[in-house]
């Protein structure tokens, strides 16, 4: 049971990392990345292949993140004159297209057999402690990413990003370099997806195109939506919630009589759909909602109506 | 005679078959308030959109303080000191009044990704200074009590005030105001007009699109009339008001 929980806990950390990436690119900068799983897969394959030919594991991880970021920035530049919807379409195509490349370029990716025997870091040295080590490592990465992102997003950079999200023209007239901000936000998001992919590949030691299907993109969008789409804490909360729903539906199926194996498998997707509909009905802004910068206590000095207007809910 | 600050030469743009601007050419002098009037569809807002870089694709040239800006991006034009307001008081719906004011701070170090991540004493100092300016601006515009409200919760008049406030926080040399007093109650119109007088006194040139002739008369040192996407005539308000062409194309509709 412990090993199962550690496995799920590590996967949750990887989901949390993906969610953090989505909060930056979608929640803060308003750019929809429907090819999230493509960047995830790109990081996974990149690191797996590089370490296979002898690169150090840490280098593989960073290279996976860097490659994903480079592709992300390239998409941003490619779609710069188009409306935001087109970025969503382009990335959706990328996610599906990359999966087909993984499936068909057997010389590189092993096709549907995937790549097995991906080197785990320090596994021999740690033996029994290895699952604990990887669990801790994954969550440490999440904590580090969340800390760095919270610094970035609380700065004037983050404010400019949110302005781009809400109204690009206002941001441009305010003197902000809209294209650069978008590339940076999308690149950071893609880098986190790529890094998460690399973490995943070396954790499971085996990747195949089946690991990188569109469902994962949907799960992450659900996690971020559930938590409050612009909130880092919401992303972590959301990934915990999504993983709980996914895994508990696996056990719940045992208690519902008269279901075939296929029906039990679809119960997961069904539960996720119901959860999404319920969140949108009950709390469209997500559990944590919006957070705005406060002007501070001394802001309304001398204002006659200081208490007459209700404060903005956070 | 003050010198030319904004020079528009042969500016044209068409949307489909409609020539919104049809060879508009005129200069706007610095340090004064210039009224831009003309019937609906004369191309006034389109002119603002082209000058500020938001509507690319116009032919002709625009020079601001001697620098050619007609091919530059909106942010470069804004940073050069030419900042426009929006007619419909556009806003970022998920941001507060305070955040809007802070957004317009020019050349903030903290907007670079590296200094945002690593922290930077200069960026913090700038941010603090900008914060003081924003709070001060909010007090002057009587927006201090709504600083933490989302802009979607503001009244129409408060949105217009915020529009002026944030434009000023960009430390502009010239501001393009698109009907800053439209749809606002009479008391607030007077308040906004007073603000505009103050702004001009502080050395910022104003270009004002406005349909209310009393306000044009009171605020503008010079009036430029546009019709059909072109420059029609210019002069002081009294010159314009007695101009036969203007009476026919614009004022006549209202005054006779």
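Laboratory data are not the source of any read-out in this text; all were calculated from the coordinates shown. In this text the structure is predicted, and so the values were computed from the model without any measurement. All Cβ positions, even for glycine, are placed from backbone atoms using ideal geometry, and neighbour counts span all protein chains on display.
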In terms of the ratio Rg/(2.2 N^0.38 Å) built on C-alpha atoms, what value belongs to chain A? 1.07
Tell me the relative contact order for region A:2-306 as a rounded percent, counting alpha carbon contacts under 8 Å between residues six or more apart. 32
First check a/c for region A:1-118, with a ≥ b ≥ c the square roots of the eigenvalues of its C-alpha gyration tensor; if it is under 1.5, answer rounded, and if not, answer prolate when a/b is larger than b/c or oblate otherwise. oblate
If you take all C-alpha pairs in region B:126-256, what percent of them are over 27 Å apart? 29
Please list, short to long, the whole-number percent of alpha-carbon pairs of the protein assembly as shown in consecutive 20 angstrom bins beginning at zero. 19, 43, 27, 10, 1
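Rank these for me by crowding, A:176, B:201, B:171, going from fewest to most other beta carbons within 10 Å.
With the sparsest Cβ surroundings first, the list reads B:201, B:171, A:176.
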Ranked by how many other beta carbons lie within 10 Å on average, peptides A:227-234, A:78-85, B:75-82, B:37-44 from highest: A:227-234, B:75-82, B:37-44, A:78-85
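Grab the DSSP H runs of the protein assembly as shown that are 4 residues or longer, score each as -39,500 (n - 2.57), total them, divide by all residues and round the 222 nm result to the nearest 500 deg cm²/dmol. Don't jump to the answer; show the numbers that get you there.
Values: 23 runs with 311 residues, N = 570.
That comes out to -17500 deg cm²/dmol.
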If B:211, B:145, B:100 are placed from fewest to most neighbouring beta carbons inside 10 Å, the sequence is B:211, B:145, B:100
Mean separation of Cα pairs under 8 Å and 6+ residues apart, divided by the residue count of region B:108-254: what relative contact order is that in percent? 13
Taking only the alpha carbons of region A:199-279, the radius of gyration and the largest Cα-Cα distance, Dmax, both in angstrom, are 14.2, 41
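Semi-axes, largest first, in whole Å: what does sqrt of 5 times each Cα gyration tensor eigenvalue give for region A:187-242?
Numbers: eigenvalues 94, 33, 22 Å².
Sorted largest first and rounded, they come to 22, 13, 10 Å.
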Scattering profile of chain B from the Debye formula, Cα beads only, expressed as log10 I(q)/I(0) at q = 0.08, 0.14, 0.16, 0.17 Å⁻¹, is -0.33, -0.98, -1.24, -1.37
Taking only Cα atoms of region B:3-82, radius of gyration then Dmax in Å: 12.2, 37
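Can you put B:223, A:213 in order, fewest other beta carbons within 10 Å first? Show your work: numbers first, answer last.
Working: B:223 26, A:213 14.
Arranged by neighbour count, lowest to highest, B:223, A:213 become A:213, B:223.
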Sorted from largest down, give the three principal axis spans of the alpha carbons of region B:114-184, whole angstrom values. 46, 28, 21
For chain B, longest principal axis from Cα atoms; helix B:156-169 axis from its Cα atoms; angle between them, nearest 10 degrees, is 70
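Over all residues in B:145-157, what is the mean tally of Cβ atoms on other chains that come within 10 Å of each residue's Cβ?
Numbers: counts 10, 9, 9, 11, 5, 4, 1, 1, 3, 1, 0, 0, 0.
Counting other chains' Cβ atoms within 10 Å and averaging over B:145-157 gives 4.
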Normalising by the residue count of region A:167-254, find the relative contact order in percent from Cα pairs under 8 Å and 6+ residues apart. 13
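With the Cα gyration tensor of region A:79-200 giving a ≥ b ≥ c as the square roots of its eigenvalues, does the rule (a/c under 1.5 for rounded; else a/b larger than b/c for prolate; else oblate) give rounded, prolate or oblate? Kindly include the intermediate steps, with their values, before the conclusion.
Values: a/c = 4.52, a/b = 1.47, b/c = 3.07.
Oblate, because a/c is 1.5 or more while a/b does not exceed b/c.
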How far, in degrees from 0 to 90, does helix A:84-104 lean away from the longest principal axis of the Cα atoms of chain A, to the nearest 10? 10
Computed FRET efficiency, Cβ-Cβ of residue A:106 and residue B:117, R0 45 Å: what is it to the nearest 0.05? 0.65
